[in-house]
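Remarks on the structure that follows.
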Amino acid sequence: MDQTSTASASPTLAADKAIASAASAIETRGIEPVPAHERHGRVRELFPTWMAANISVLLLTMGAGLVVFNQLNLWQVLLVAGCAATVSFGMVGVLSVSGKWGGAPGALLSRAAFGVRGNYFPGAVLWVARFGWETINAVTGAYAVLTVMDLLFGVRQNDVLIVITLFAFVAATFLVSGMGRAALNVCNTWSTYVFGAFSVLVLGYLIVDTNWGSVFDRPTGSSAMMIAGIGTIAAGGISWVPTGPDFARYLPHAASGKKIVGVTVSGAGLVLVPMVLMGAVMAVSTPDLASAPDPVSFLGDVLPTWLAVPYLITALVGMLLINSLSMYSAGFTAQTMGVRLPRALAVSVNAVISLVGGLLLMLVAKSFYGSFITFLTLLAVSFSAWIGVYTVDMFRRRALAVRYDAQGLMDTGPSSRYWYTGGFCWQAMAAWALALTVGLCFTKVDWFTGPLATSWIGRNGLGWTATILIAAASFTLLPRPREGADEAPNEAPSVGRKSNLVG
C-alpha cells in the first residue's frame, strides 16, 4: 500500500476505532454469567463505585436526625456512623465475593439458594423495595434542582415545576444506567473527585462558622438511641447488599476477597461518615433541619449561596449516579423475574415506577422525613431475610467446594440444577418467610406496629439484625438442600476449601 492510500485509510481506521470504543461503553450483557476470558475488572474499581453510592444529601438529613430525634452528641454520632458503615458495607463486601465466584448478578445467583421458582418470591420483595429506594433518590434529586433554581433565580417551586424536574431527573437516570458498568465507572470516579473537593469546602466553612461550644456541650444520649441510630444509618447500606455481586462479576477469579471487602467498606465510609457528621453539626445551629419539608432546601439557609449552589449541583450528580447504580442492578432483577427485555430496556420499568412514586411523594405526602424513615425501616427488614439465607448458602458452597453452575442458573425448567422440588428450595423458602414475618413483628413505623415492637429488640431498632440471624439459623438447622447434580460444569473454579472466602 502506498503512502497516499495509508493516509486516506487512517481517518477511516480512527473513526472505526472511535465507533467501536463508543459501542463497548454500552453494556449489552444481561443476567447471563460472565465467562472467565471477559473478566478484566480490578478490585480498586469498586472504590469509586461505593463512594458514589453514598453521595447523597439524605445523609446530612439523617445525621441531623441523630441529633434532633435521637438526642445524641457529636462523639456518639461519629461512633454510630462508623459502626453503620462498617456493618452494612461489610456485608456488601462479603456477599460481593459471590459475584466473583459465579460471574453473575446477585438476583441470578439467588436462584441457587431459593430454586428457580422460589427465587421469584424474595426477588419480588427486593424489586419492590428497590422501587422505593429509587423513588426516594429521584425525589431528592428533583428537590435539589428546585432549590438551585430558587437560590439562583428566585423561582419558587410549584406543581408544574415539580413534575418537570422529577421527569428530567428520572430520564437522566434511565439514560446513564442503560449505558452499563463501564460508563458508570467513569462517571463515579470523576463525580467522587468533584464532590469530595466541595465537601472539603463545606467542612471548612462549618469549622469556621460553627459555634463549637454548643456542639460539644450537648449531653450524652442513651445507648438505646445509639443502637437505633446505627440501624437507621445502616439501612441504606443494607439496601446495596443484594446488588454487591452485580459490580464484582467482572472481577477475575484470582481477585482478593479481602480486598473486595476492604475497598467496599473504605469507599463507602469515606463519604458516609463525614456526611453524617456534617449533618449533625448543621443540626446544632439549625434544629429544624431534620424536620424540613424536603431534604435539600435547608442547605440554602445553612450555607452561603456561593457554596450551596455548586455543592448542590455536585450532590445532584451524585444522586443521579446513585439512582443509576440502583437501576442498573434493578434491570438484572427485572430480567430474573421474567421481564423479557434487554437489561437497558428492563430498567425502564423501574424508571416509570420511580416517576409515579416520586410524584405521589412530592405532591401528596405530608412529611418527607417521616416517609423516608418508614421506608428505611421496612427496607432493612425486607432485605435482611434474603441476606440471612443467601449468606448461609454462600458459605456452604465454600465449605463443601460446590461451585455455581452457569447453565443451571440460566435454566428455569425441571432440568435445572437448582430445580429442587418443583422449582422451590423449601428449606430456603421456609427460613426466609419465617425471618421476614418475625422481623416485621419487631417493627414499628407510622402506620404499622408489630406485636413485638415494644420488646427490647423492637425498642432498640434491632428488628433487621434479628431477621438476619433468624433466617441464617433456620436455614442452617433445616436439612441441607440437595442440588440436581454432584458437580456443576461451570468454568469457574470451585469455591471450596482451597478457595478463601476473603482471600
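The values are calculated or read from the model by the stated rules, or taken from the named source; none is laboratory data. Computed from a predicted structure; not experimentally measured. Cβ sites come from the backbone with ideal geometry, for glycine too, and all protein chains shown count toward neighbours. For accessibility, only protein heavy atoms count, side chains too; no ligands or nucleic acids. Shrake-Rupley method; radii C 1.70, N 1.55, O 1.52, S 1.80 Å.
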Exercise. Do we have any residue at all in the stretch 271-290 that's in contact with a helix residue (DSSP H, G or I) (Cβ under 9 Å, 6 or more places away or on another chain) and farther than 23 Å from Tyr369 by Cβ?
Worked result: no
Exercise. Which residues, taken from the stretch 209-230, are closer than 25 Å to Gly458 by Cβ and open to solvent by less than 10 Å² (accessible area, probe 1.4 Å)?
Worked result: Gly229
For this session: Identify the single condition in (1) open to solvent by less than 40 Å² (accessible area, probe 1.4 Å); (2) without any contact (Cβ under 8 Å) to a residue 12 or more places away in the chain; (3) among the acidic types (Asp, Glu) that Glu134 does not satisfy, given that it satisfies every other one.
Result: (2)
Exercise. Within the stretch 302-335, restricting attention to residues that are among the aromatic types (Phe, Trp, Tyr) and modelled with pLDDT of 80 or more, which residue is nearest to Glu134 (Cα to Cα)?
Worked result: Tyr311
For this session: Enumerate the pairs (first residue in the stretch 206-227 and under 13 Å from Ala283 (Cα atoms); second residue anywhere and of a type outside the set (A, V, I, L, M)) with beta-carbon separation below 7 Å, excluding pairs fewer than 6 apart on the same chain, so at least 6 apart or on different chains.
Result: Thr210/Ser285; Asn211/Ser285; Arg218/Asn73
For this session: Those residues that are farther than 14 Å from Ala330 by Cβ, modelled with pLDDT under 80 and touching an Asp or Glu at 6+ places or on another chain (Cβ under 7 Å), I need them from the stretch 341-374; list them, please.
Result: Phe368, Gly370
Exercise. Does Met319 qualify as being buried (at least 24 other Cβ atoms within 10 Å of the Cβ) and on the phi < 0 side of the Ramachandran plot?
Worked result: yes
Problem set entry | the stretch 74-98: number of residues that are surrounded by fewer than 24 Cβ atoms within 10 Å (Cβ to Cβ) and either hydrophobic (A, V, I, L, M, F, W, C) or at pLDDT below 95 (or both) | 7
For this session: List the number of the failed condition for Ala113; all other conditions in (1) crowded, with 24+ Cβ neighbours inside 10 Å; (2) in contact with a Pro (Cβ under 8 Å, 6 or more places away or on another chain) hold.
Result: (2)
For this session: Find the residue count for the stretch 376-427, including only residues that are open to solvent by less than 10 Å² (accessible area, probe 1.4 Å), out of contact with any Lys or Arg (no Cβ under 8 Å at 6 or more places or on another chain), farther than 20 Å from Phe332 by Cα and of a type outside the set (A, V, I, L, M).
Result: 2
Exercise. In the stretch 422-450, which residue that is of a type in the set (Gly, Ala, Ser) and outside any helix (DSSP H, G or I) is farthest from Gly461 (Cα to Cα)?
Worked result: Gly422
Problem set entry | Gly450 being in contact with a Phe, Trp or Tyr (Cβ under 8 Å, 6 or more places away or on another chain) and either over 18 Å from Ser88 (Cβ atoms) or among the acidic types (Asp, Glu) (or both) | yes
Exercise. Could you list, in sequence order, the residues of the stretch 32-83 that are farther than 28 Å from Leu409 by Cβ and in a loop (DSSP other than H, G, I, E, B)?
Worked result: Asn54, Ile55, Ser56, Val57, Phe69, Asn70, Gln71, Leu72, Asn73
Seminar exercise, completed: The residue from Leu46, Leu72 that alone is in contact (Cβ under 8 Å) with a residue 24 or more places away in the chain and under 30 Å from Asn211 (Cβ atoms) is Leu72
Exercise. Among the residues of the stretch 239-260, which ones are crowded, with 24+ Cβ neighbours inside 10 Å, hydrophobic (A, V, I, L, M, F, W, C) and over 30 Å from Tyr369 (Cβ atoms)?
Worked result: Ala248, Leu251, Ile260
For this session: For the stretch 438-485, enumerate the residues that are of a type in the set (Gly, Ala, Ser) and surrounded by fewer than 16 Cβ atoms within 10 Å (Cβ to Cβ).
Result: Ser455, Ala473, Gly484, Ala485
Problem set entry | Residues (open to solvent by 30 Å² or more (accessible area, probe 1.4 Å) and among the aliphatic types (A, V, I, L, M)) located in the stretch 162-174 | Val163, Ile164, Ala168, Ala171, Ala172
